[in-house]
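Nothing in this text is a laboratory measurement; each read-out follows from the coordinates by a stated rule. What you are looking at is a predicted structure, and each value in this text was computed from that prediction instead of being measured. Using ideal geometry, Cβ is built from the backbone for each residue, glycine included, and neighbour counts are taken over all protein chains shown.
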Amino acid sequence: MEPFSFSNILNKWSSELIQEIYQRTDEDKVLHALDKDTLSIEDLIALLSPKAQPFLEKMAQKANRLTRWHFGRTISLYAPIYLSNLCASDCVYCYFASHSGIREKRVTLTEEQLRSECIALNEKGIQTILLLTGDAPKIVPVDYISQAVRIAKEYFKSVSIEVYSMDEEHYAQLAKDGTEGVTLYMETYDKDTYDKVHLSGKKKDYLYRLDALERAGRAGIRRLTCGVLLGLSDWRLDIVWLALHAKYLEKMCWQSVVSLSFPRLKHTPSRFKVPHIVSLQELVQIITAMRLFMPYSPFNLSTRESAEVRNHLIPLGITSMSAGSSTRPGGYKVYQGTTPTQRPVLEQFEIDDQRTVEEVVSAIKDKGYDPVWIDFDPGFIKSL
Ligand code: SF4
């Protein structure tokens, strides 16, 4: 017998079944879902449906109330550190893809360079970081990431990773090094779209990626962050599958916190046009509906969104934001001074919120919220 995994649940919740529930949704079902404290998947579908759009204001008010109830008026801050922009996979939407045709410089930080980046971010007050690489395990192996985590731990209280999917033993090694969280987006749960946008490389293995966060949870990683790239496929299906995945992870990895991100795909290499553009109104509907479905889960928003949009979304369910980000290796110090006369270092995507950490902090305060630099006690992990 095949071992039970999230793919069994995914098979049960086919696109046909979900579409059928969307078709049956009416205003009464939306109002019923809005009234409930604990929502079923059918309730979530009602809130994600076009029928819920006239009730966005009510959804926003409830999302605001629930978020304040569970998190207070706080926004946690973090920053990404790109360790490398080399990648052996070919994802059509990504500048790091092996065949994106970008001629900018590809680099992997040395230990000394990583320390310079850590010091530069430390000086801005950042205490929570996310280490990222492309999907190139032969050039950027697990041992390199493991050493990078140990170095970063000398400077920051919380270190998470967003790298390629790996075996459970490797996640265990990284947990032992002090990795607090693993972020890994499925990008899209729609198998056909997944095959079309992931042309080659390790990432093409859909099932291996689908089960990666569960392996990380089993290996002792404390925070598991999942998400889809909004714009790749029909978001009304992908968000339902994401919600099912998050609930599944909560159940299977009950010692971990499951958090969600809502990245909208905007800037892509010229060979790929975003096929399902998600409007701001739809993004608000997604975040508020998910907040009602998962009232206590941390929600992240990156600098892919503009300053204006991020300010607007603060009271609607977001609990964590990146700030002062660079999406290129060495972007805080080592290659910061790259001029047009030098070959610039390749960035993964253009960021829309260019504000400094101080400016983001002041915008959060202006909204009546408190910035949080570290949202857990690292000593707690050591004592486990
Ligand atoms: S999305 Fe990740 S795996 Fe795909 S090309 Fe970009 S860096 Fe590589």
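List of remarks:
- Per-residue ellipticity at 222 nm, computed for the chain from helices alone with -39500 (n - 2.57) per DSSP H run of at least four residues, works out to -12000 deg cm²/dmol.
- Cα-Cα pairs of segment 1-82 separated by more than 22 Å (percent): 47
- Computed from the C-beta positions of Thr38 and His276 and an R0 of 25 Å, the FRET efficiency is 0.25 to the nearest 0.05.
- Using only side-chain charges placed at the Cβ, +1 for Lys and Arg and -1 for Asp and Glu, the dipole size of the chain relative to its Cα centre rounds to 460 debye.
- Equivalent ellipsoid of segment 216-278: semi-axes from √(5λ) of the C-alpha gyration tensor, largest first, are 28, 13, 8 Å.
- The chain: relative contact order in percent, alpha carbon pairs under 8 Å with at least 6 residues between: 24
- Listed by chain and number, the lysines whose alpha-carbon sits under 23 Å from that of Lys203, ignoring those within fewer than 8 places in the same chain, are Lys105, Lys138, Lys191, Lys266, Lys273.
- Counted charge near Ala136, where neighbours are those whose Cβ lies closer than 10 Å (Asp, Glu -1; Lys, Arg +1): +2
- If the segment from Glu112 to Tyr296 were pulled out straight at 0.36 nm per residue, it would be longer than the present Cα-Cα gap by 62.3 nm.
- Radius of gyration (Cα atoms) of segment 72-127, expressed as a multiple of 2.2 N^0.38 Å: 1.51.
- Segment 240-366: relative contact order as a whole-number percent, Cα under 8 Å and 6+ apart: 24
- DSSP-defined antiparallel bridges as percent of all bridges, segment 61-202, nearest 5: 20
- Other residues with beta-carbon under 15 Å from the beta-carbon of Gly368 carry, at +1 per Lys or Arg and -1 per Asp or Glu, a net charge of +3.
- Each peptide among 282-289, 189-196 gets the average number of other Cβ atoms lying within 10 Å of its residues, and from highest to lowest they stand as 282-289, 189-196.
- 37 °C / 0.692 mPa s Stokes-Einstein diffusion coefficient of the chain, Kirkwood radius on C-alpha pairs, µm²/s: 155
- Beta bridges assigned by DSSP with both partners in the chain are antiparallel in approximately 10 percent of cases.
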